[in-house]
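Comments concern the structure below.
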Amino acid sequence: MAGIAVLCEVQGGEVARGSIGVLEEAARLGAALGESVDAIVCGSGLDDAKLAALGGFGATTVRVADDALLASGIAQPVVDACATAQEAGGYRYWLAAASIMTADALAGLAARLGAGIVIDAVELHAEGGALVTRRSGLGDSVLAHCGFTSTVGVVVTRANAFAATDGNGGTAPVERFAPTFRAWSQAVTLVGHEDAVETGPDISAADVLVAGGRGLGDASGFGQIEELATAFGGAVAATRAVVDAGWYPYSAQVGQTGKTVTPKLYVACGISGAIQHKVGMQGSGTIVAINKDKNAPIFDYADFGIVGDLNAVVPQLTALVKARG
Amino acid sequence: MRIAICVKEVPDPTAVKRIDDGSHRLVRSGENTLNPYDRHAIEAAVQIKEGPAPDTEITIVTMAPESAGRSVDRALAQGGDRSIHIADEAAAGSDLLGTARVLAAALKRESFDLILLGQQAADSECYVMAGLVAELLEVPCVTQAASIELADGSVTVKRQVETGYDTVKAQMPCVVSVSDAINDPRYPPLPAIMGAKRKPHEVVTLAELGVDASTVGAAGAATSVGGLSKPAGRGDTIVLEDDGTAAEQLLAFLVEKKVVA
Ligand SMILES: Cc1cc2nc3c(=O)[nH]c(=O)nc-3n(C[C@H](O)[C@H](O)[C@H](O)COP(=O)(O)OP(=O)(O)OC[C@H]3O[C@@H](n4cnc5c(N)ncnc54)[C@H](O)[C@@H]3O)c2cc1C
Ligand SMILES: Cc1cc2nc3c(=O)[nH]c(=O)nc-3n(C[C@H](O)[C@H](O)[C@H](O)COP(=O)(O)OP(=O)(O)OC[C@H]3O[C@@H](n4cnc5c(N)ncnc54)[C@H](O)[C@@H]3O)c2cc1C
């Protein structure tokens, strides 16, 4: 086995910034290990000239599977494409920045190859001639130095772990290949899609975000969150749990699948603090948490935590902030 | 219809969790409980049984030490009809791949129409088991379902992706992991808790499943943890219990830090 494959995701015609960040990190790792790095891109109607630019971020070759079955963002046809690329390339490692599609695709690939898979890697190191990840766990209280005993190793890196640069402007050859699709991968199809619509203020630009989670009880709970946000002159953010439940619009979601925000102040109300939420807001200046469970993980990364009922604390805080005028 | 639900026993999420310095494994000797995310998968199955498919049989499947019987009972009380509990010392220390191999072997012995999982385990916060299991079973997979509808031998799922919401249709048999917002799991009434013990429990070993013990557990793990280190923390956290003055103290803190003018 030789070489590193980076599964790069195309969203809205562009290679995702997260994928580029991992590609660049793979190039640093490859240099240390003496392994070359290929970018693997799956989609439909892809533009080779655009993809050649991945050479400027460390790809030796860009290997492209272009097929209508890969247009939907459904993971299993991507598993097939990666498996086909693996047959030809014999890669030692597969990497991808975490997303809904890539995590599922690399999980399927690991199962098919009998390869170990590390989730939520935050660092990639070359140690003793092999890749050893730092896998963050238990609410980021420990870093496990996690490597592989299998011949192929698969890594899904934490969203936002590796920031992309502007690259060196280089290009790489683009080679197209035809995946062998399996029957079961074609037994799941996209039948509809609703684009997330931007509603309300842009939360990425706000100085203060007041965020609400399932602890609000129901959709009406967002009333007091909006009042506090208004008092601070800020905007409202939300967790996936409340967006999936239809309590608040998707454009307000912060986290792995949602937006990454870095306000001066982030006030988390009734939010447990799952890793997938944390990765979207941990860069905030000051983090405040209001939660009735003193063991909620959110307190591990808050600067100021209040163990209490948000229905009591939030209105009091709103009144106090308003009174300062 | 036959539904299987994969459930995991995890250390109580409200307790402080720790990794053993020697084995590099999570210490599981404290209070354990059913993975809270899996309760949503059970509720989803119960709603299918109460709604479109009343003749549904719900099977709880877990790989865990024998001591996890209480969590299995808990899952049965919430709506399972029977359980398959894979308990084998050789399975201890399984990583994602090893666990998926064991679960797939147990699921393959029977013909389930729908296999449900939670969105993630509360201890590891991985979220990929569904993808591994589906691939080993060679069936379609849909993860992070915010809603599930059944029709004509397939499931239609609404799920969040980075660009919005997809509606995806998968032919059964298939594997679906459910988002924690798909439903509000009900707490089982006392008679259901009492009755759980009397439901059919099957405890099986790896050999009975035909799983080669060298491909799972610590011995067969494809990942290896060579050491542990501490990440840089965020710094000091002030945490106080609200006694009616917490909002005032918070505002004073924000003013002092000049976050609020
Ligand atoms: C692949 C993947 C991607 C994901 N992407 C995202 C993402 O982008 N963003 C995101 O947010 N999540 C994401 N998640 C989901 C994430 O894992 C959690 O499920 C989610 O963040 C939980 O939301 P929550 O904190 O609102 O709900 P819960 O975890 O249910 O927490 C509710 C909290 O409210 C507290 N509470 C209840 N009542 C009160 C009260 N009266 N006063 C004070 N506190 C109270 C409770 O103690 C609890 O801690 C993703 C998950 C996966 C698997
Ligand atoms: C902090 C930490 C980090 C870890 N990181 C990794 C890693 O990067 N790679 C790796 O290979 N292993 C990892 N592990 C080990 C992994 O958690 C175990 O192998 C576990 O047995 C299976 O994976 P999971 O629960 O993490 O899967 P997840 O993908 O988180 O689980 C999703 C769903 O799978 C089902 N499920 C999971 N386990 C079982 C079970 N035993 N029986 C029945 N159903 C089940 C449940 O429905 C659950 O909701 C980690 C463990 C810890 C404690």
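Tabulated data
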quantity: Kirkwood-Stokes translational diffusion coefficient of the protein assembly as shown, alpha-carbon pairs, 10 °C, 1.306 mPa s, µm²/s; calculated: 65 µm²/s
quantity: For segment B:91-155, radius of gyration divided by Kirkwood radius, i.e. Rg to Rh on alpha-carbons; calculated: 0.98
quantity: Fraction in percent of alpha-carbon pairs per bin - 10 Å, segment B:2-220; calculated: 8, 35, 38, 17, 2, 0
quantity: Per-residue [θ]222 nm for the protein assembly as shown (sum of -39500 (n - 2.57) over DSSP H runs n ≥ 4, rounded to 500); calculated: -8000 deg cm²/dmol
quantity: Shape of segment A:131-200, Cα gyration tensor, a/c cut at 1.5; calculated: rounded
quantity: Cβ charges +1 (Lys, Arg) and -1 (Asp, Glu), total dipole of the protein assembly as shown, debye; calculated: 540 debye
quantity: In degrees, nearest ten, helix B:246-256 long axis to first principal axis of chain B (Cα); calculated: 60 degrees
quantity: Estimated FRET transfer efficiency when R0 is 60 angstrom, pair residue B:199-residue B:255 (beta carbons, to 0.05); calculated: 0.55
quantity: Cα convex hull volume per residue for segment B:147-261 (Å³); calculated: 345 Å³
quantity: Calculated FRET efficiency for the pair residue A:322/residue B:23, C-beta based, R₀ 56 Å, to 0.05; calculated: 0.55
quantity: Given charges at beta-carbon only (K, R positive; D, E negative), |dipole| of chain A in Debye; calculated: 640 debye
quantity: Cα centroid separation, segment A:108-133 to segment B:137-195 (Å); calculated: 29 Å
quantity: Over segment B:36-133, relative contact order from alpha-carbon pairs under 8 Å, at least 6 apart, %; calculated: 32 percent
quantity: Mean separation of Cα contacts under 8 Å, 6 or more apart, over the residue count of segment B:2-220: relative contact order %; calculated: 26 percent
quantity: Relative contact order (%) - criterion: Cα under 8 Å, at least six apart; region: segment A:1-142; calculated: 25 percent
quantity: Check: segment B:36-91 dipole with +1 on Lys, Arg Cβ and -1 on Asp, Glu Cβ, in debye; calculated: 160 debye
quantity: Between segment A:291-313 and segment A:1-46, the Cα center-to-center distance that results, in Å; calculated: 39 Å
quantity: Cα principal axis extents for segment B:174-238, largest first, Å; calculated: 49, 45, 28
quantity: Counting all C-alpha pairs of segment A:208-324, share separated by more than 20 Å (%); calculated: 31 percent
quantity: Scattering curve values for segment A:257-325, log₁₀ I(q)/I(0), Debye with Cα scatterers, q = 0.15, 0.17, 0.26 Å⁻¹; calculated: -0.49, -0.62, -1.16
quantity: Principal semi-axes in Å for chain A [√(5λ), Cα gyration tensor, largest first]; calculated: 40, 21, 18
quantity: Principal-axis tilt of helix B:36-50 within chain B, Cα atoms, nearest 10 degrees; calculated: 40 degrees
quantity: Size of segment B:1-74 as Cα extents on the principal axes (Å, biggest first); calculated: 49, 22, 18
quantity: Alpha-carbon centroid distance for the pair segment B:102-135 / segment B:17-60, whole angstrom; calculated: 11 Å
quantity: Segment B:94-202 - Rg (one decimal) and Dmax (whole number), Cα, Å; calculated: 15.4, 47
quantity: Segment B:129-184, Cα convex hull volume normalised per residue, Å³; calculated: 82 Å³
quantity: Percent of beta bridges antiparallel (DSSP, segment A:4-186, rounded to nearest 5); calculated: 30 percent
quantity: Expected-Rg normalisation [2.2 N^0.38 Å, Cα atoms] applied to segment A:95-183; calculated: 1.25
quantity: Spin-label pair residue B:163/residue B:109, simplified geometry with 7 Å Cα→Cβ offset, distance in nm; calculated: 4.4 nm
quantity: Among beta bridges that DSSP assigns inside segment B:2-220, antiparallel share in %, nearest 5; calculated: 40 percent
quantity: Principal axis box of segment A:4-186, alpha-carbon based, largest edge first, Å; calculated: 43, 40, 29
quantity: Degrees separating the helix A:75-89 axis from the principal Cα axis of chain A, which is the longest one; calculated: 40 degrees
quantity: Paramagnetic label zone (point 7 Å from Cα along Cα-to-C-beta, residue A:1; backbone N under 16 Å) in segment A:72-95; calculated: A:82-95
quantity: Neighbourhood net charge (10 Å Cβ-Cβ; Lys/Arg +1, Asp/Glu -1) for residue B:56; calculated: -3
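Coordinate-derived values only; no laboratory data. Keep in mind it's a predicted model, so treat the numbers as computed, not measured. Neighbour counts are summed over all protein chains in view; Cβ atoms, including those assigned to glycine, are modelled from backbone coordinates with ideal geometry.
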